[in-house]
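The values are calculated or read from the model by the stated rules, or taken from the named source; none is laboratory data. All values reported here derive from a predicted model rather than from experimental measurement. Every residue, glycine among them, receives a Cβ derived from its backbone with ideal geometry; neighbour counts consider all protein chains shown. Ligands, DNA and RNA are stripped out before the accessible areas are found, and what is left, the full protein with its side chains, is counted by its heavy atoms. Shrake-Rupley method; radii C 1.70, N 1.55, O 1.52, S 1.80 Å.
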Amino acid sequence: MQPTLEQVESWARQAGEILRQHFRSSLKIRHKSLIDLVTEADGLSEAYILEQIRAAFPGDTIFSEEIGQVAGSSQRIWYVDPLDGTVNYAHGIPLYTVSIAFAEAGQLRLGVVYDPSHDECFSAEAGKGAWLNGSTPLQVTNPPDLDHSLLITGFPYHIRQQPGRIFPLFEYFALHSQGVRRLGSAAMDLCYLAAGRFDGYWEMSIQPHDVAAGALIAAEAGATVTTAEGAPLSLTPPLTILAASPHIHQQMLEGLRSVPDGK
Ligand code: IPD
Ligand code: CA
Ligand code: CA
């Protein structure tokens, strides 16, 4: 049996409701590393989503952020981030999402990202389009050039140990665009790109569960989605990603290629 977009949307909405109910409550917070957190709500949301997937599609493989890989027998893979934007969530900042993607034979088929704070459900089905709250079609922007584009990026938790080109790239794009934002949820970044709120997004070290759903949503909304090197996006970690309006993707790629390592 094939999952439907409506089914995945209802799971994402329900998991989002779990997060919303515990938002700004006295949750237990555990440190995975000095700056990488996990809250009780991550676990509650994840348990709910995994229960739904296992009950409906017991043979499927699941990659979920907190629990890791649940091996299945089929060619079908689910990518789950039960709470994307954990640091925001733990600080009471209402910018966080639930992200669920479904892939078959190596191709992303369904993607859903739900933002409970604003009741925005972004979804996409491969080859069919992308929508906000099930009905409003999503479409990326047509900025004239990079100078007139608003960009978004994010930073990995190993930024202190492996900063790589993160800071030189941030400087480059801050000086060659209208501005650069950092919201703290990669899934939200990609959906805002799909909705025409941002023009381009890049990130230099990210995991499949962070971007699988958002990448499909952005692509179905017309974005060009590649690695930061310009190759087709692969969901084998570690990933780099460049997703942008087709009008500025090439200019962003040239920027990414032109900036040397900061070390
Ligand atoms: C993080 C967010 C952030 C990105 C980090 C991710 P988490 O996920 O998506 O925007 O820059 O690399 O790890 O920890 O909030 O699920
Ligand atoms: Ca995440
Ligand atoms: Ca997470």
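For the chain, complete DSSP H runs whose alpha carbons reach 24 Å or more along their own long axis and whose mean Kyte-Doolittle score is -1.0 or higher are 5-22, 40-56.
Accessible surface area normalised per residue over the chain is 43 Å², counting heavy atoms of protein chains with a 1.4 Å rolling probe. Placing +1 on each Lys and Arg Cβ and -1 on each Asp and Glu Cβ, with no other charges, gives segment 5-137 a dipole about its Cα centre of roughly 120 debye. The helix-only estimate of mean residue ellipticity at 222 nm for the chain, built from DSSP H runs of length n ≥ 4 each weighted as -39500 (n - 2.57), is -10000 deg cm²/dmol after division by the residue total.
Here the Gaussian network model covers the chain, with springs between Cα atoms less than 10 Å apart; of 162, 107, 207, 162 fluctuates the most. Placing +1 on the Cβ of every Lys and Arg and -1 on the Cβ of every Asp and Glu, with no other charges, gives the chain a dipole of roughly 380 debye about its Cα centre. Among the trypsin sites (Lys or Arg not before Pro) in segment 22-105, which ones are in a DSSP loop with at most 16 other Cβ atoms within 10 Å of the Cβ? Mind listing them? Counting only loop positions with at most 16 other Cβ atoms within 10 Å, the trypsin sites (Lys or Arg not before Pro) in segment 22-105 are 24, 28, 32. For segment 146-258, the share of accessible area belonging to carbon and sulfur comes to 52 percent (1.4 Å probe, ligands and nucleic acids excluded). What the phi angles of segment 223-234 give under the Karplus curve with 6.51, -1.76 and 1.60, with θ = phi - 60°, is a coupling list of 6, 8, 10, 9, 6, 5, 9, x, 7, x, 5, 10 Hz, glycine and proline written as x. Taking a point 7 Å out from the Cα of residue 35 in the direction of its Cβ, the residues of segment 145-159 whose backbone N falls within less than 15 Å of it are 153-159.
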